[in-house]
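What follows is one structure encoded as structure tokens, with my remarks underneath.
The values are calculated or read from the model by the stated rules, or taken from the named source; none is laboratory data. Remember, predicted model here, so these are calculated numbers, not experimental data. Cβ sites come from the backbone with ideal geometry, for glycine too, and all protein chains shown count toward neighbours. Just so you know, the surface numbers come from the protein's heavy atoms only, side chains and all, with ligands and any DNA or RNA stripped out. Shrake-Rupley method; radii C 1.70, N 1.55, O 1.52, S 1.80 Å.
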Amino acid sequence: KLTATPVTLILLAAGASIVLYALFSALDAGLSWLWSVAGQRMVHELSVAMFERLERVSMLYHQRHGTGDSLSRLSGDAWCVYSLTGQFFSPGEQILTLLTIGAVAWQLNPKLAMVSLAAAPLLGFATIYFGRKMKQRRKQSREAESRLLSFVHQTLSAMPVVQAFSTERQNSLRFRNLAED
């Protein structure tokens with residue numbers, strides 16, 4: 001017969017914590033693996049569809065949009081869809097985490113829990129406010145990346161001409177300026 005001594009309770013609680021941690025870690029690893037496999041398939045299929053679409057658009061489109069823009073869209077946009085899809089599940093997970101932590105904190109110290117939960121709307125507002133600025137910066141960064149990729153593609157495609165006219169230094173300076181953008 002087991003007696004409920006403090007040492008026994010501590011050992012049982014420690015053992016249960018380890019088992020629960022291992023179970024949740026295995027579940028999290030399995031879900032992460034499944035999401036990675038499904039996401040990679042989604043990115044692959046979308047990239048193929050985008051490439052096929054790029055092959056069918058008019059020559060005028062290709063003249064207006066550089067090769068770097070098309071390359072950036074093939075790699076970046078497909079990956080963004082994967083990231084965006086993951087964001088659909090994130091708010092629910094974050095709300096559940098906030099509620100769980102709030103409930104546990106309330107049990108420990110209601111006043112401190114109220115202070116902590118009062119900060120949540122402020123953090124949400126900050127996310128919205130700074131999110132807009134970050135979106136603008138990301139757009140500028142994407143445009144700069146597109147210009148850089150176009151220049152690299154153009155230069156590497158014309159390497160014999162570049163070497164024949166000894167414009168390597170000039171191209172390096174242009175690359176450096178584009179990369180700094």
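General remarks:
- Selection within region 6-62 - more than 28 Å from the chain's Cα centre (by Cα) and among the polar types (S, T, N, Q): 8, 17, 58
- Single residue of region 1-35 satisfying the filter (open to solvent by 90 Å² or more (accessible area, probe 1.4 Å) and β-branched (Val, Ile, Thr)) that is nearest to residue 82 (Cα to Cα): 18
- Scanning region 100-118 for residues being of a type in the set (D, E, K, R) and not in a helix (DSSP H, G or I) gives a total of 0.
- Region 169-181 residues that are without any contact (Cβ under 8 Å) to a residue 60 or more places away in the chain, paired with ones that are in a helix (DSSP H, G or I) and among the aromatic types (Phe, Trp, Tyr) (beta carbon under 9 Å, 6 or more apart): 171/151; 174/151; 175/151; 178/151
- For region 36-60, a residue qualifies if it is open to solvent by less than 60 Å² (accessible area, probe 1.4 Å), within 24 Å of residue 152 (Cα to Cα) and in a helix (DSSP H, G or I), and the qualifying residues are 47, 48, 50, 54.
- Residue within region 85-99 that is of a type outside the set (S, T, N, Q), assigned to a helix (DSSP H, G or I), under 27 Å from the mean Cα position of the chain (by Cα) and farther than 30 Å from residue 34 by Cβ present: no
- Residue selection: residue 76 fails the criterion of being open to solvent by less than 100 Å² (accessible area, probe 1.4 Å) and over 30 Å from residue 154 (Cβ atoms).
A quick yes/no check of all residues on (1) open to solvent by 80 Å² or more (accessible area, probe 1.4 Å); (2) under 21 Å from residue 73 (Cα atoms):
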residue: 99; (1), (2): yes, no
residue: 114; (1), (2): yes, no
residue: 140; (1), (2): yes, yes
residue: 148; (1), (2): no, yes
residue: 155; (1), (2): no, yes
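- If the condition is being more than 17 Å from residue 75 (Cα to Cα) and polar (S, T, N, Q), then region 1-59 contributes 3, 5, 8, 17, 25, 32, 58.
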